[in-house]
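Notes for the one structure printed next.
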Amino acid sequence: MAAKKIDIMDVRQLIQLKSKGESNRSCSSSLAIHRNTVNYYVRQLKATGTSYPDLLRLS
């Protein structure tokens, strides 16, 4: 089953949490998003080859 789509603000918060070194499970509980959805988005973000701080600078 495909990961549930999340709001762009949740993606931004996920990037902020990951840049602080949070685990996927702690991000999941902080954002109230299923951990598999967090895992999916983290994989997609890593596939860009861009660091989390650089992603935060994008508008």
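Selection of segment 19-46 for residues being open to solvent by 80 Å² or more (accessible area, probe 1.4 Å), over 10 Å from the mean Cα position of the chain (by Cα) and more than 14 Å from Ile6 (Cβ to Cβ) yields Lys20, Arg25, Ser29. Against the numbered list (1) hydroxyl-bearing (Ser, Thr, Tyr); (2) modelled with pLDDT of 95 or more; (3) not in a helix (DSSP H, G or I), Ser59 comes up short only at (2).
For residues in segment 47-56 being without any contact (Cβ under 8 Å) to a residue 40 or more places away in the chain and in a helix (DSSP H, G or I), which is least open to solvent (accessible area, probe 1.4 Å)? The extreme case among them is Tyr52. Considering Val38, Val42, the condition of being part of a helix (DSSP H, G or I) and touching a Ser or Thr at 6+ places or on another chain (Cβ under 6 Å) is satisfied by Val38 alone.
The values are calculated or read from the model by the stated rules, or taken from the named source; none is laboratory data. Model, not experiment: these values are computed from the prediction. Don't worry about glycine lacking a Cβ; one is built from the backbone with ideal geometry, like all the others, and counts go over all protein chains shown. The protein model used for the area step is the full one, side chains on, heavy atoms only, and it has no ligands, DNA or RNA in it. Shrake-Rupley method; radii C 1.70, N 1.55, O 1.52, S 1.80 Å.
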